[in-house]
Amino acid sequence: GSTIGILGGGQLGRMMATSAAQLGYRCVSYAPEGDNVSGAVSEDFITADWDDASALAAFADRCDVVTWEFENVPVTTARAIQQAKIFPDPLALETAQDRLNEKRFVEGLGGRPAAYAKVDTSQDLEAAVDRLGAPGILKTRRDGYDGKGQWRIGSLRDAEGLRMPEAACIYEAFVEFEAEFSVILVRSREGEIRFWDSARNVHEGGILSASYYPAGEAIAAQVGEARELARKVADALKYVGVLTLEFFATRDGPIFNEMAPRVHNSGHWTIEGAATSQFENHIRAVAGLPLGDTRTTAAAVEMRNILGADIDSAHAKLGDARVHLHDYGKAEASEGRKMGHMTLVTLDTRG
Ligand code: ATP
Ligand code: MG
Ligand code: MG
């Protein structure tokens, strides 16, 4: 069998490796020192810094194909791997790692993000709030996830009082959305694209808390337009693997929030709720296999993230036979940390 290399050591890599093992692949994970949880299902785990050229070369040598589960893998690290061996193309990382770059790219393809402005100084911020209005959100351009590196700005006064972060930022006008959803697609090496149904995503404190399928009318009416954009993004990046675009459903149609060049938390429900999960299809795509059917098999699905110490009592949820529990096996349950998730599957209207 061949070997698939995974850059990153988190739960997304763990679930990818589980699917890869089912298909007969061995996985080798590579990540810097940390609480890495994909090692438990990978054959091997290499702990080394992203810029450790010799460790990276030794890793790449062992792999037939390399992919990533972490969107902040340095572009130089991804590019150090022979181009024919790494999927998706690292261009996707480069495009998505900088929010300003990402928004400009998506606008170039006809997408509509929230009104935004580049912000490097407190004067820039005040000018942005003045021009775009408040409320809004100041976001670091790089390295943010789970709402980290974001500051809610309620008024010009807030902007004046804010201690500016060291990093380059953007200011985004707050979107009065009806609901949030994501478009998750898989694109094969041949350019075939398949979409999963879009669930309704609910965030709490900037962190995804739950996804619900069916998503409801407001979202269903906007998925078509959102998919069109996602298809253009995937084609423009010659993308291979699973790609996610997050949207706000608004009265004016879908507003693009951000993209993730990887499998996504809002697609975890596909493990039990769809014919082929996002993880299996990601592996199929990067390994050059035919794609599996993405259709939803459940009548209704509810995915809930389990954060922090809530994982300690999560096993009791299995008392409900409709529940599937995923415990990522993380050693430290700090507050707000994604420790696992549960998916409640309803197979038909009788429950
Ligand atoms: P992720 O973990 O999804 O990568 P992130 O840290 O990159 O998160 P965003 O997706 O930018 O964060 O924002 C997190 C959440 O905050 C959004 O899903 C949405 O609920 C809210 N949010 C962000 N930007 C806006 C906005 N301009 N208007 C309204 N709500 C917003
Ligand atoms: Mg993000
Ligand atoms: Mg997001």
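Nothing in this text is a laboratory measurement; each read-out follows from the coordinates by a stated rule. Predicted, not measured: the structure shown is a model, and the values here were computed from it. Here the Cβ positions follow ideal geometry from the backbone for every residue, glycine too, while neighbour counts run over all protein chains shown.
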| request: Take the alpha carbon atoms of the range 115-136, find their center, do the same for the range 258-329, and report the distance between the two centers in whole angstrom. | output: 38
| query | In cubic angstrom, how much convex hull volume per residue do the alpha carbon atoms of the chain span? | reply | 136
| From the square roots a ≥ b ≥ c of the eigenvalues of the alpha-carbon gyration tensor of the range 179-346, which class results: rounded (a/c under 1.5), prolate (a/b over b/c), or oblate? | prolate
| Ellipticity estimate at 222 nm from DSSP helix runs (n ≥ 4, -39,500 (n - 2.57)) divided over the chain, nearest 500 | -7000 deg cm²/dmol
| said: Given axes a ≥ b ≥ c from the Cα gyration tensor, I'd like to know whether the range 3-86 is rounded (a/c under 1.5), prolate (a/b larger than b/c) or oblate. | reply: oblate
| query | Ranked highest first by average number of other Cβ atoms within 10 Å, how do 259-270, 308-319 line up? | reply | 259-270, 308-319
| request: Note the full-extension length gain between R142 and E228 as 0.36 nm times their separation in residues minus their Cα-Cα distance, in nm to one decimal. | output: 28.3 nm
| remark: Over the range 115-173, the quotient of the Cα radius of gyration and 2.2 N^0.38 Å is 0.97
| query | Using mean Cβ contacts within 10 Å as the protection proxy, how do 104-112, 4-12 order, highest first? | reply | 4-12, 104-112
| query | lysines near K85 by alpha-carbon distance under 24 Å, same-chain residues fewer than 8 away left out - which ones? | reply | K232, K238
| Based on the alpha-carbon gyration tensor of the range 61-199 and its eigenvalue square roots a ≥ b ≥ c, which shape applies: rounded if a/c is under 1.5, prolate if not and a/b is larger than b/c, or oblate? | prolate
